[in-house]
Amino acid sequence: MDDEFETGAAAGSAADDIEAKTLTSQVAGLIEDVRLLAHAEIEYYRAKLSINMLATKRLLTLFGIAIIFATTAIIALILGLLLILSHYLGPVAATAIVTGSALLIAVITMNMAVKRARKLPLDEHDA
């Protein structure tokens, strides 16, 4: 009877060892799968960021060119107004009117920007 118990205990111990090895190998396989997934995700986001950076660089280049041409157009408009007004009012008065108008537009635009900046949520608690 003791022999049967020892044989059963030995068989149970061998089954536990196989199950433990299987569980250990499953956990090791799971860890390896997670590691591979993390590396794949990192590579995916690197490629996505690289593509987005190229698009952002192109966008900022085009935006810069647009700002340069818009500034050139505004300068041409101001000079044209100055030439037209100087013919009718004289150079000093024309310069004063054009400069005052430009400063007035700058002040109004700055006030609009300050009002909108004050409305921005700066903390996550404000949102």
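Taken one residue at a time, the phi angles of region 50-64 give Karplus couplings (6.51, -1.76, 1.60, θ = phi - 60°) of 4, 5, 5, 5, 5, 5, 5, 4, 5, 4, 5, 5, 5, 5, x Hz. Gly and Pro are set to x. Per residue, the solvent-accessible area of region 41-121 (1.4 Å probe, heavy atoms of protein chains only, all protein chains present) comes to 87 Å².
Rounded to 0.05, the FRET efficiency of the ILE67 and LEU37 pair, given R0 = 41 Å and the Cβ-Cβ distance, is 0.40. Here region 47-127 has 75 percent of its accessible surface on carbon and sulfur atoms, given a 1.4 Å probe and all protein chains in place.
The values are calculated or read from the model by the stated rules, or taken from the named source; none is laboratory data. These numbers were taken from a predicted model, which means no experiment stands behind them. Counting neighbours? That spans all protein chains shown, and the Cβs are built from the backbone with ideal geometry, glycine included. Ligands, DNA and RNA are excluded from the accessible area calculation, which covers all protein heavy atoms including side chains. Shrake-Rupley method; radii C 1.70, N 1.55, O 1.52, S 1.80 Å.
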